[in-house]
Amino acid sequence: MPNRALKEGSRPPWVGLAAAVWVLIAAGNGSNFALYSPSLKSVLGLNQQQITILGVANDIGENVGLLPGIACNKFPPWALLSVGCVFCFLGYGVLWLAVTQTVIGLPYWLQELRDGLVPSWNILQFVGICRGFTPHCLQIWVALVVATNSTTWFGTAVLVTNMRNFPFSRGTVSGILKGYAGIAAAVYTVIYILVLKDSDSKLLLLLTLGIPVLCLAMMYFIRPCTPASGEESSDHVHFIFSQVASVLLALYLLITTIISDVVSLNDTVSCILVLILVVVLMSPLAIPVKMTLFPAAKKRNVTPSDSSDHLVPKEGESTPTDSLLTPSSSTTNLGSFYESEDALDADMLLAVGEGAVKKRRRPRRGEDFKIREAIIKADFWLLWVVSFLGIGAGVTVLNNLAQIGVAFGLENTTLLLTLFSFCNFVGRIGSGAISEHFVRLKMIPRTLWMTFALMVMLMTFILFAFALNGVLYAAIPLLGICYGVLYAIMVPTVSELFGLRHFGLIYSFMGLGNPIGALLFSGTLAGHIYDAEAAKQSSSTCVGPDCFKVTFLVLAGVCGLGAILSIILTVRIRPVYQLLYSGGSFRLPQASGH
């Protein structure tokens, strides 16, 4: 595959970061399931158990990102965004046809797929995983997986690209990007209420057509750029501006949602509120506009850094692998982002056989790992298990938040959802900035903040179990913050331990903990206990603290175990951070030469 020249300079990375905001809002389409699931239930004649299985499909689709993780090293970002657009159009298009009943009966390919998978589906029903879910609804399940899987293609494209474009500010960048991804649910909710007037069919049509058009428009601006050799003095101010803009957006969405819930707004006011929302979303563009209109008096030279992710040595310079070969012209423009891994391995073996390079050791923590090298490391699995336990416990509450509110005596749970979404954003944006500050000041591993988050979650679940008066309005915000911390801290931690070269695939593998946790803790544990308690009350709806008490106690134990493992991981990786951040600034590790 031919190498692709990368844009140099300071302005293109900031343009890409501003465009990434819109793509990540599009990538939050998986958070809309609660808005249109009532229509699926009524139009298709589904019961609550079948809707729960569709919810698991939603979690699987938006978290299983191994394919885009592999593709991000072989194809440019626009290719990944294109695949996401196709998945979004096809998946939500089928859901829109089903809800509007535009097409009576299934398309031929869906009928064939359903008939071919019936034996496997019967096996899943037999072992209890999909009990109560009929093959008649299989096409909707598949369509939902395809539709929400677009989020992994969108998210991987912009996250990997921006992490590589800003390698010296990984925590801050991941916090900003994950923050916008977390607040996407509130953006869609405001649009759903003010513009679409609570129409599920219009929402699905927006997801079918609007998201692909938006991502196609942003495709040109999401591109890898050669990063500077160090941190620019203005970067700190620019990042603060981006963080403030995201906080203002979150506050605006929270206030707008509350106002629209208590006051009836006319069309004119609704349009003005949405217009303000669009302007706030465009605010990150102020950075590249300012840099264009008011360029710095003296532009720093852009030179390659030491990482194998971004740079290739100039002619006459020695390489970390003690290469005796003269770099060719094809290796001067960061083609390593897209070169075939098999081709690289073959070239390396040939060079070793000819004595051109010296074979080096396996990579150490902080250097660039391949996925097969990472999965044999204890740190990899410690981080995966900590993520699985913490995020799995959090997603259990998120998936059952409406039922939890009813069990605690609330009739309207909209405020709880808004509080969780807002605090989820606060946890993401805050943990990125705070962890970046302390890792530079004290070289404290970011996983320490995961430990604190898991300890707070443990106490929160105990509060849930005791079911004190008003506990929901205190516990839900705490849980939302901790949930956001776990998500945001995971991103830079993976890149710092295992490098940026194969970051997309390794991080996507880490994300598998979310759907597995949703299936085990939410679909199996919480669902089984809830149904058992509801049966005791001779009702399909369970009311009272006992509905989730056992679930909360189990989740408290899960978070306690996660906190212990996180402490062990923090102690193990402290030397890595002392090496990477010695002197108060990030130092890209040398290539391992493997």
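The values are calculated or read from the model by the stated rules, or taken from the named source; none is laboratory data. This is a predicted model, so every value here is computed, not measured. Here the Cβ positions follow ideal geometry from the backbone for every residue, glycine too, while neighbour counts run over all protein chains shown. Ligands, DNA and RNA are stripped out before the accessible areas are found, and what is left, the full protein with its side chains, is counted by its heavy atoms. Shrake-Rupley method; radii C 1.70, N 1.55, O 1.52, S 1.80 Å.
Details
- Of the peptides 197-206, 89-98, the order by per-residue mean of other Cβ atoms within 10 Å, starting with the highest, comes out as 89-98, 197-206.
- Surface calculation, 1.4 Å probe, protein heavy atoms: K442 sits at approximately 120 Å² accessible.
- Nonpolar atom fraction for segment 364-586, defined as the carbon and sulfur part of the 1.4 Å probe accessible area, stands at 69 percent.
- Greater than 25 Å apart at Cα, pairs in K74/K370; K41/K549; K41/K202: K41/K549
- Heavy-atom accessible area order for H238, H437, largest first, 1.4 Å probe: H437, H238
- Shown are F87, F521, F241, whose ranking by accessible area with a 1.4 Å probe and every protein chain present, most to least, is F241, F87, F521.
- Apportionment of accessible area to carbon and sulfur, segment 143-264, percent (1.4 Å): 72
- Shape metrics for segment 364-586, restricted to C-alpha atoms - Rg then Dmax, Å: 18.6, 65
- Summed residue charge, Cβ within 13 Å of A453's Cβ, Lys/Arg positive, Asp/Glu negative: +2
- For the peptides 490-499, 281-290, 561-570, the ranking by mean Cβ contacts within 10 Å, running from highest to lowest, is 490-499, 561-570, 281-290.
- Normalised per residue, the accessible area of segment 364-586 is 37 Å², obtained with a 1.4 Å probe and no contribution from ligands, DNA or RNA.
- Solvent exposure, largest accessible area first (probe 1.4 Å, DNA, RNA and ligands not counted), of F408, F452, F461: F452, F408, F461
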